[in-house]
Amino acid sequence: MVDVILGLQWGDEGKGKIVDYFAPNYDVIARFQGGPNAGHTLYVEGKKIVLHQIPSGIFHANKINLIGNGVVLDPVTLRRECESVAAMGIDYKKNLFISERTHLILPTHRALDKASEIAKGNEKIGSTLKGIGPAYMDKTGRNGLRVGDLLDKNFVTEYIKLRLKHQRLLDSYSFHEDISAWEEEFFDAIEFLKQLKIVNGEYFINEQIRAGKRILAEGAQGSMLDVDFGTFPFVTSSNTISAGVCTGLGIAPQMIKEVYGVSKAYCTRVGSGPFPTELYDETGEQIRKIGNEFGSTTGRPRRCGWIDLVALQFACMVNGVTQIIMTKTDILDSLTELKVCNGYSINGEKKDYVPFQMNRVTIDPAYKSFEGWQSDITAINEYGALPAKMKAYIDYINGFLKVPVKYISNGPGRDQIVVA
Ligand code: GDP
Ligand code: IMO
Ligand code: MG
């Protein structure tokens, strides 16, 4: 059977920590989409690690970690990450597997990402500039190179052909940047990649399923950044929702059992695009400061706001979420008042759904107010010991979403989680 952990908001919900927490219950941890735009933070023996491409199960011995075909892979980032986990005593050569169908991010994809963002000016997406959009465009445009192509004798010729196409596009953007240093690093990293375990991911994972192994699919980004269901065009370029597990790993839908949706107890967004419950005041600043809300990949300050139940309900619907994991609850410890968005007023009319184009309409969120619990919850390890005011907050969210909040994360550490 296959379970899924994915983000319900605009990313950075704490998926890395949660995958690391659940990993002991599984045999295989697999990334199914996204690429080095992701930044998943884990604390291993008190040390902070940010993973971009390697699945968050890598710190558990004897677990298979698979990079699925739905991912776009930057060999340079992967190599760096492998070296940093090796320095912590992890045998990635044994535990890391990569699908041969995984598309490669080339240096020119990164350049194209940058050129496209510059050309958009004020309307830029706020991309992480890791080449994600251009790499997925080459996948759907049927131009891309895949990990399996590395082993082909024509790889360099195919690379040069694609590079030429990209050069014409870069010229049309009047984008001129010397990428020769990137290319050198890229080809070094390609040699490194060839030594890793490159597998036929779909047979590999289905054989594991047949053998009764337990699979955990690890999402990147969040549901509101999904290319189909997110706040388009301010989204990423992959299907971040549970359906992406099937196409991103080669798994049949009926294999999927639990869909764990991760949500912060409030909400953040990094990059451009609509965010109805965003706070522009001191409270927003306070949450950013206490929550250390700065991007794990780019270091950019994250925009902060109240939890948005209209958007969360939408995310639960499109993902088929079976259990909610609420993270960063401790960040709200000192707040005197908390708010929960339980409806929108769109162009003056009351609505309870996510509109087609969030940034073409005026959305005024309706809020229900809660008293803050104003106590330190970071050392609590059983549900009964949580403050009553916090339970009231969670109960309301439970009732609204009709999906149970089953886990409450109250700190970044591996053990800081309360089971409801
Ligand atoms: P991801 O992209 O979903 O894996 O999330 P990120 O790693 O980008 O951002 C989440 C941040 O919150 C990281 O710095 C985590 O260490 C931290 N974190 C996760 N859960 C908790 C929690 O319950 N409390 C606190 N204080 N920090 C948390
Ligand atoms: P994790 O997995 C938060 C955002 C970017 C930008 C938009 C498009 O750590 O939750 P892209 O580089 O994909 O073209 O950027 O999506 N974004 C993320 N925001 N967490 C992420 O990943 C993100 N990955 C991309 O900021 O707004
Ligand atoms: Mg992140």
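The values are calculated or read from the model by the stated rules, or taken from the named source; none is laboratory data. All of these numbers come straight from a predicted model, not from anything done at the bench. Cβ placement follows ideal geometry from the backbone for every residue including glycine, while neighbour counts extend to all protein chains displayed. Please note that ligands, DNA and RNA were not included when accessible areas were found on the heavy atoms of the full protein model with its side chains. Shrake-Rupley method; radii C 1.70, N 1.55, O 1.52, S 1.80 Å.
Which of the residues belonging to segment 127-166 are exposed (fewer than 15 other Cβ atoms within 10 Å of the Cβ), farther than 17 Å from PHE186 by Cα and either in contact (Cβ under 8 Å) with a residue 40 or more places away in the chain or among the β-branched types (Val, Ile, Thr) (or both)?
THR140, the sole residue that qualifies.
Go through the residues of segment 49-62 one by one and say whether even a single one is surrounded by 24 or more Cβ atoms within 10 Å (Cβ to Cβ), among the polar types (S, T, N, Q) and within 16 Å of ligand 2 (Cβ to nearest atom).
Yes.
Of the conditions (1) open to solvent by 70 Å² or more (accessible area, probe 1.4 Å); (2) more than 22 Å from the chain's Cα centre (by Cα); (3) touching a residue at least 40 places away in the same chain (Cβ under 8 Å), LYS124 satisfies every one except a single condition; which number is it?
That leaves (2) as the condition not met.
Consider VAL85 carefully, then state whether it is in contact (Cβ under 8 Å) with a residue 40 or more places away in the chain and either within 16 Å of ligand 2 (Cβ to nearest atom) or not aromatic (Phe, Trp, Tyr) (or both).
It is false that VAL85 is in contact (Cβ under 8 Å) with a residue 40 or more places away in the chain and either within 16 Å of ligand 2 (Cβ to nearest atom) or not aromatic (Phe, Trp, Tyr) (or both).
For segment 168-181, how many residues meet the condition of being of a type in the set (Ser, Thr, Tyr) and assigned to a helix (DSSP H, G or I)?
Matching residues across segment 168-181 total 2.
Consider GLU185 carefully, then state whether it is open to solvent by 70 Å² or more (accessible area, probe 1.4 Å), under 26 Å from GLY295 (Cα atoms) and at pLDDT below 95.
Judged against the criteria, GLU185 is not a match.
For segment 182-271, list the strands (runs of 3 or more DSSP E) that sit wholly inside it and hold at least 1 residues that are away from ligand 1 (no atom under 16 Å from the Cβ); which are they?
Hits in segment 182-271: 197-199, 215-218, 256-264.
Identify the residue in segment 374-389 that is among the hydrophobic types (A, V, I, L, M, F, W, C) and in contact with a Leu (Cβ under 8 Å, 6 or more places away or on another chain) and, among all such residues, is farthest from CYS341 (Cα to Cα).
Among those residues, the one meeting the criterion is ILE380.
Six or more apart or on different chains, Cβ under 8 Å: which pairs go from a residue in segment 1-29 that's without any contact (Cβ under 8 Å) to a residue 40 or more places away in the chain to one that's open to solvent by 10 Å² or more (accessible area, probe 1.4 Å)? Could you list them?
PRO24/HIS60
For segment 4-14, name all the residues that are open to solvent by less than 20 Å² (accessible area, probe 1.4 Å) and either out of contact with any helix residue (DSSP H, G or I) (no Cβ under 8 Å at 6 or more places or on another chain) or of a type in the set (A, V, I, L, M) (or both).
Selection gives VAL4, ILE5, LEU6, LEU8, GLU13.
Which one is farthest from ARG79 (Cα to Cα) among residues in segment 1-56 that are acidic (Asp, Glu) and within 14 Å of ligand 3 (Cβ to nearest atom)?
Of everything passing the filter in segment 1-56, GLU13 is farthest from ARG79 (Cα to Cα).
Of everything in segment 15-41, what is surrounded by fewer than 24 Cβ atoms within 10 Å (Cβ to Cβ), within 13 Å of ligand 2 (Cβ to nearest atom) and not β-branched (Val, Ile, Thr)? Give them in sequence order.
The one that is surrounded by fewer than 24 Cβ atoms within 10 Å (Cβ to Cβ), within 13 Å of ligand 2 (Cβ to nearest atom) and not β-branched (Val, Ile, Thr): GLY39.
In this structure, does ILE118 turn out to be surrounded by fewer than 14 Cβ atoms within 10 Å (Cβ to Cβ), in contact with a Phe, Trp or Tyr (Cβ under 8 Å, 6 or more places away or on another chain) and of a type outside the set (Ser, Thr, Tyr)?
For ILE118, the condition - surrounded by fewer than 14 Cβ atoms within 10 Å (Cβ to Cβ), in contact with a Phe, Trp or Tyr (Cβ under 8 Å, 6 or more places away or on another chain) and of a type outside the set (Ser, Thr, Tyr) - is met.
Do we find that GLY201 is at pLDDT 95 or above, at positive phi and either of a type in the set (Val, Ile, Thr) or surrounded by 19 or more Cβ atoms within 10 Å (Cβ to Cβ) (or both) in this structure?
So GLY201 does not fit the description; no.
Of all residues in segment 240-281 being of a type in the set (S, T, N, Q) and more than 19 Å from VAL227 (Cβ to Cβ), which is most open to solvent (accessible area, probe 1.4 Å)?
GLN254
In segment 293-347, what residues are within 21 Å of the chain's Cα centre (by Cα), part of a loop (DSSP other than H, G, I, E, B) and either under 25 Å from SER127 (Cα atoms) or free of Cβ contacts under 8 Å to residues at least 40 places away in the same chain (or both)?
GLU293, GLY295, SER296, THR297, THR298, GLY299, ARG300, ARG302, TRP306, LYS328
Can you tell me which condition SER238 does not meet? The list is (1) within 13 Å of GLU13 (Cα to Cα); (2) in contact with a helix residue (DSSP H, G or I) (Cβ under 9 Å, 6 or more places away or on another chain); (3) small (Gly, Ala, Ser), and all the others hold.
Checking SER238 against (1) within 13 Å of GLU13 (Cα to Cα); (2) in contact with a helix residue (DSSP H, G or I) (Cβ under 9 Å, 6 or more places away or on another chain); (3) small (Gly, Ala, Ser), the one that fails is (1).
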